[in-house]
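To start, the structure under review is shown below, and the notes come after it.
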Amino acid sequence: MQDTELDPVLSETLQKAGRHMPTLVIANKNYSSWSMRPWVAMVAFDIPFKEVRVLLDQPDTAADIARYTGSGRVPVLLDGDIAIWDSLSICEYLAEQFPDRGLWPARTDARAIARSICAEMHSGFTGLRSAMSMDIRGRYPGQGRTPEAQADIGRVCEIWEECLSQFGHHDFLFGDFSIADAFYAPVVMRFISYQVPLAPALQAYADRVRAHPAVARWIAEALAEKEVLPDHK
């Protein structure tokens with residue numbers, strides 16, 4: 001388990017404002033797609049937090065996670081006396097706590113679709129997850145192309161095409177970067193690792209997600225990690 005030290009200036013500013021620093025408990029950045037989503041959202045929308053990283057597949061992993069949640073999984077957001085142990089719930093909570101940051105699209109119809117595609121990602125795409133697990137440092141061209149994974153890739157492409165054409169205008173899925181883009185950022189990582197070919201417009205979207213400062217920072221920190229977990233290939 002590793003802590004990320006607080007910026008002293010930020011810590012002092014929060015103390016003067018009478019605010020505490022929320023803590024986001026995550027797993028290895030190279031492997032943990034679930035952790036990536038709320039982390040990217042918090043960084044992208046300039047929401048200050050303390051990071052605690054629990055390493056996967058260690059003898060004390062379960063005990064470390066149990067310190068924060070009984071679910072046995074990360075991410076977990078700790079905010080005062082509240083512990084939120086689900087990535088989508090974390091993002092919904094943040095959107096409510098910071099309504100001025102625009103985590104969800106402003107338009108009612110766009111916001112409803114954004115929530116729908118996040119819920120679909122949250123509960124589905126099991127074929128893609130099992131055949132092409134996230135490994136940012138890895139490169140596996142042509143691997144993982146099971147029929148189930150291929151079907152999920154097709155569905156992701158359909159979602160991206162519809163959102164970009166209807167709301168995104170070939171920028172992010174709903175114009176400005178939102179929770180929806182943070183939720184699909186781990187898919188972009190998978191497509192890179194497994195070298196999934198995309199139509200030009202979708203490849204351009206994936207490139208924009210990859211280059212977003214919050215995503216680029218996650219990637220850089222994932223590349224700097226030293227842990228190798230063969231079971232998470």
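The values are calculated or read from the model by the stated rules, or taken from the named source; none is laboratory data. Values in this document were obtained by computation on a predicted structure and should not be read as measured data. Glycine also receives a Cβ, built like all others from the backbone with ideal geometry; neighbour counts cover every protein chain displayed. Calculation scope for accessible area: heavy atoms of the full protein, side chains included, ligands and nucleic acids excluded. Shrake-Rupley method; radii C 1.70, N 1.55, O 1.52, S 1.80 Å.
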Review point. Quick one: would you say ASP79 is among the acidic types (Asp, Glu), over 15 Å from the mean Cα position of the chain (by Cα) and open to solvent by less than 50 Å² (accessible area, probe 1.4 Å)?
Key: yes
Revision key, fill the gap. Contact list, first residue from the range 107-132 and touching a residue at least 40 places away in the same chain (Cβ under 8 Å), second anywhere and of a type in the set (Lys, Arg), beta-carbon distance below 7 Å, six or more apart or interchain, is LEU128/ARG190; MET132/ARG190
Exercise for review: Specify the residue that is farthest from VAL228 (Cα to Cα); the eligible residues are those in the range 57-76 that are within 17 Å of the chain's Cα centre (by Cα) and of a type in the set (A, V, I, L, M).
Suggested key: VAL76
Study note, to complete from the structure: Inside the range 86-142, the number of residues satisfying the requirement of being under 22 Å from VAL196 (Cα atoms), touching a Pro at 6+ places or on another chain (Cβ under 8 Å) and β-branched (Val, Ile, Thr) is 0
Study note, to complete from the structure: Those residues of the range 22-60 that are aromatic (Phe, Trp, Tyr) and either open to solvent by less than 30 Å² (accessible area, probe 1.4 Å) or without any contact (Cβ under 8 Å) to a residue 24 or more places away in the chain (or both) come to a total of 3
